[in-house]
1. Go through the range 157-197 and count every residue that is in contact with a Phe, Trp or Tyr (Cβ under 6 Å, 6 or more places away or on another chain) and farther than 28 Å from ARG37 by Cα.
2. Look through the range 260-287, keep the residues that are among the charged types (D, E, K, R) and part of a loop (DSSP other than H, G, I, E, B), and return whichever of them is modelled with the lowest pLDDT.
3. From the list PRO102, PRO124, which residue is open to solvent by 30 Å² or more (accessible area, probe 1.4 Å), touching a residue at least 60 places away in the same chain (Cβ under 8 Å) and either assigned to a strand (DSSP E or B) or within 30 Å of ALA235 (Cβ to Cβ) (or both)?
4. Identify, by number, the condition in (1) in the same structural domain as THR152 (by the TED database); (2) more than 30 Å from GLY8 (Cβ to Cβ) that GLU31 doesn't meet.
5. Among the residues of the range 1-16, which ones are under 20 Å from the mean Cα position of the chain (by Cα) and open to solvent by 20 Å² or more (accessible area, probe 1.4 Å)?
6. Given the criterion more than 27 Å from LEU315 (Cα to Cα), at pLDDT below 95 and in contact with a Ser or Thr (Cβ under 7 Å, 6 or more places away or on another chain), identify the matching residue among PRO33, PRO28.
7. Given the residues LEU47, LEU51, LEU19, which is the only one that is buried (at least 21 other Cβ atoms within 10 Å of the Cβ) and either in the same structural domain as LEU129 (by the TED database) or in contact (Cβ under 8 Å) with a residue 12 or more places away in the chain (or both)?
8. Conditions first: (1) of a type in the set (A, V, I, L, M, F, W, C); (2) over 19 Å from the mean Cα position of the chain (by Cα); (3) open to solvent by less than 50 Å² (accessible area, probe 1.4 Å). ALA29 passes all but one, so which condition is the exception?
Amino acid sequence: MASEGPAGELEAVLGGQGLRVQSWDSEPAGELPAPVRLRRNVCYVVLAVFLNEQDEVLMIQEAKKECYGSWYLPAGRMEPGETIVEALQREVKEEAGLHCEPLTLLSVEERGPSWIRFAFLAQPTGGVLKTSKEADAESLQAGWYPRTSLATPLRAHDILHLVELAAQYRHQARHPRILPQELPCSVVCQRLVATFTSVATQTVWVLVGTVGAPHLPITACGFTPMEQRGGINIAILRLLQECLTLHHLAVETKGLLGLQHLGKGHTDGICLNVLVTVAFRNPGIQNEPPEVRGENFVWWKVMEEDLQSQLLQRLQESSVVPVNR
């Protein structure tokens, strides 16, 4: 049975699970985080990378006027009321004619909290490949092409990195299988696993919020121009600035341990579980984490051997889903 408190939350997050978001510890100054809705103030995009046993990639030929005839991976915007996986399956069926299931989240790309794209490695489970005779407004056709010789012209070259990421994952998985957890959330937010590691002793501390029951802190993303320009990482730095003196610290966002979203009549918020490292900029023996200002946060030393081992492994191997701008 999972432990309670920070240990239980950390165990769940490291296992790719979601946790309900009741409130948050940080929000943009002067802006109450508004409930988010697709087509109103957020846009989520899903994208699928398929690789078959012949090392071929599934591609679709675009029917949209602005990119007519070019080639791309199956992708499209989520619709209100869909889960992330349902959106992925709908887009693949509409554009490629295939039924599918996602194997793992590969990458998350963002342009601030109002535009986020989720890229998955997926596999077909049925259906019939769309031919040119079935061309419609969704796509002209679909086909399998060698990974080293994709169909041209490409609609955009941003998919090349994703195709290689998928090939690397199939060769040697860098992170465990991660799929969206279906839990409601009203805002775009991030749950932080913010760590400090003593190099000498390999001890790990995790930042914990103390308002209410001790918990992994949550920071709400804002929609102000500054937070849009700075991307979702701004919300992480904002929370850390509220409790740490950052000018002598190096903060690095490693990537995602998981995410959650529901839709289904709820607001379309998402919560990203993010692994972050905090370290001193100046070299030297620093065996204790930096001092915390205020009473809303503390450093919690991870005493459970299994949790500490998992954290160190994830940190050392960067075993997370990358987040790109």
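The values are calculated or read from the model by the stated rules, or taken from the named source; none is laboratory data. Predicted, not measured: the structure shown is a model, and the values here were computed from it. Reconstructed Cβ throughout: ideal geometry from the backbone, glycine too, with neighbour counts over all protein chains shown. Surface accessibility is based on the protein's heavy atoms, side chains included, excluding ligands, DNA and RNA. Shrake-Rupley method; radii C 1.70, N 1.55, O 1.52, S 1.80 Å.
1. At the first step, the residues of the range 157-197 found to be in contact with a Phe, Trp or Tyr (Cβ under 6 Å, 6 or more places away or on another chain) are 189, 196.
Filter once more, keeping what is farther than 28 Å from ARG37 by Cα: 196.
Residues flagged as in contact with a Phe, Trp or Tyr (Cβ under 6 Å, 6 or more places away or on another chain) and farther than 28 Å from ARG37 by Cα within the range 157-197 amount to 1.
2. Just the residues of the range 260-287 that are among the charged types (D, E, K, R), to begin with: 264, 268, 281.
From the residues that got through so far, the ones that are part of a loop (DSSP other than H, G, I, E, B) too are 264, 281.
On the way: LYS264: 83, ARG281: 90.
Within the range 260-287, the match that is modelled with the lowest pLDDT is LYS264.
3. Values: PRO102 fails: open to solvent by 30 Å² or more (accessible area, probe 1.4 Å).
When all the criteria are applied, what remains is PRO124.
4. Result: GLU31 fails condition (1) only.
5. If we filter the range 1-16 for residues that are under 20 Å from the mean Cα position of the chain (by Cα), which is where we start, we get 9-16.
Once the filter is applied, which keeps residues that are under 20 Å from the mean Cα position of the chain (by Cα) and open to solvent by 20 Å² or more (accessible area, probe 1.4 Å), the range 1-16 yields GLU9, GLU11, GLY15.
6. Values: PRO33 fails: in contact with a Ser or Thr (Cβ under 7 Å, 6 or more places away or on another chain).
Only one candidate passes the filter, namely PRO28.
7. Numbers: LEU51 fails: buried (at least 21 other Cβ atoms within 10 Å of the Cβ); LEU19 fails: buried (at least 21 other Cβ atoms within 10 Å of the Cβ).
Matching residue, one of LEU47, LEU51, LEU19: LEU47.
8. Every listed condition holds for ALA29 apart from (3).
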